[in-house]
1. Among DSSP beta bridges lying fully in the chain, give the percent that are antiparallel, nearest 5.
2. Taking amide hydrogens as modeled 1.01 Å from N in the peptide plane, which residues meet the under 5 Å criterion relative to Gln156, leaving out close sequence neighbours?
3. Fewest Cβ neighbours within 10 Å first, please rank Met329, Met88 accordingly.
4. What is the distance in Å between the Cα centres of the stretch 233-302 and the stretch 128-159?
5. For Lys293, what charge total do you get from the other residues with a beta carbon under 12 Å from its beta carbon, if Lys and Arg give +1 and Asp and Glu give -1?
6. Subtract the Cα-Cα distance of Asp308 and Ala285 from 0.36 nm times their separation in residues, and report this length gain in nm to one decimal.
7. Where a ≥ b ≥ c are the square roots of the eigenvalues of the C-alpha gyration tensor, would you call the chain rounded, which needs a/c under 1.5, or, failing that, prolate if a/b is larger than b/c, or oblate?
8. Starting from the Cα gyration tensor of the stretch 132-276, multiply each eigenvalue by 5, take the square root, and state the resulting semi-axes largest first in whole Å.
Amino acid sequence: MSARLDQLIATRIRQDVQSMHAYAIQDSRGMVKLDAMENPHRLAPELQRALGERLGAVALNRYPGGRIDDLKKALARHAGLPDGFGLMLGNGSDELISLLAMACDVPGATVLAPMPGFVMYAMSAQLQGLKFVGVDLTPDLELDERAMLDAMALHQPAIVYLAYPNNPTATLWNDAVIEKIVEAAPGLVVMDEAYQPFAARSYMDRITRHEHVLVMRTMSKFGLAGVRIGYMMGPARLVDEVDKLRPPYNISSLNCETALFALEHEDVFAAQAAEIRSERERLQAALRDMGLKAWRSEANMVLVRVPDADRSFEGMKARKVLVKNVSRMHPLLANCLRLTVGTADENAQMLAALRSTL
Ligand code: PMP
């Protein structure tokens with residue numbers, strides 16, 4: 001039996017897929033989980049109960065229907081989308097990134113993004129058979145304007161991704177540089193605003209300036225990482241093209257209803273985001289007091305350089321604190337850890353664990 005399977009896999013599954021590894025999610029049960037930029041706050045028990053009642057009334061025998069349109073309208077309102085612009089939903093923004101790669105898969109197409117950046121831009125491009133060009137940030141992890149413009153002129157990318165703020169650096173790019181990149185882009189520019197709830201600025205107020213810019217957001221960092229709702233906004237005709245590739249019913253009725261419920265309680269999530277932002281400031285100050293380099297964060301994570309990232313990561317893990325060791329992700333991130341901002345308690349435990357490893 002297994003010889004048959006070996007042969008089947010060797011001959012019928014794509015070679016590049018055979019040599020890949022599935023996206024690994026660490027078992028974090030019993031840990032202080034500060035590795036994935038999740039909102040540390042759960043819904044209050046009375047809201048959880050009210051949500052339970054709402055979900056109990058959802059007709060699970062039917063495919064998702066009209067409520068999906070209600071969610072699109074609610075998100076458009078939430079984001080302040082101008083009239084005449086389009087919005088599409090993805091099963092997390094991860095799905096939108098994959099659909100964009102499918103949409104741009106014309107012969108020789110390239111996807112370009114600053115590096116280090118979010119891994120899905122490269123992964124979705126490679127899986128779709130597109131070329132991926134990563135443009136290194138400057139040593140201080142800022143956008144390298146010259147290098148970006150040169151690479152764009154050379155590779156003529158179908159899509160340029162700008163994560164605003166960026167993951168894993170947590171930085172918000174300089175607006176004048178962004179504008180030059182947007183103006184020079186020969187194809188689409190996707191402003192990935194996954195971390196918008198924690199950032200001082202958004203590209204939404206400039207969305208009407210250009211016809212080739214899409215703004216992508218997610219409800220994950222807002223507080224619904226388990227619900228898997230991403231959305232992408234831009235000129236309606238452009239969004240409609242990408243939307244043709246969306247699998248029908250990609251958003252479950254339960255996820256849709258939960259997202260609608262959350263938007264009805266926006267103030268609760270806004271208060272959580274404010275609390276996370278203020279914890280972030282305290283965390284950055286504490287890291288600097290420890291003599292460490294912590295980059296200025298506009299997201300719910302802090303990138304920090306430690307003397308020995310492997311030692312700190314393992315030492316923290318032994319103390320039941322899980323963070324992300326990004327030190328091997330890119331040479332510019334040597335000895336860097338990415339710390340998600342948790343509750344005041346979690347951050348205190350994390351700092352104590354980190355201190356003990358220095
Ligand atoms: N964009 C960026 C920059 C991210 O960091 C992430 C997740 N960490 C995503 C998109 C994907 O988010 P989701 O699929 O949960 O919407």
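1. Counting only bridges with both partners in the chain, antiparallel ones make up about 50 percent.
2. none
3. With the sparsest Cβ surroundings first, the list reads Met329, Met88.
4. 25
5. +2
6. Gain on stretching Asp308 to Ala285: 6.3 nm.
7. Note, shape of the chain comes out rounded.
8. Sorted largest first and rounded, they come to 28, 20, 13 Å.
No value in this document is a laboratory result; all are computed from the given coordinates. Since we're looking at a predicted model, the values are computed, not measured. Neighbour counts run over all protein chains shown; Cβ positions are idealised from the backbone, glycine included.
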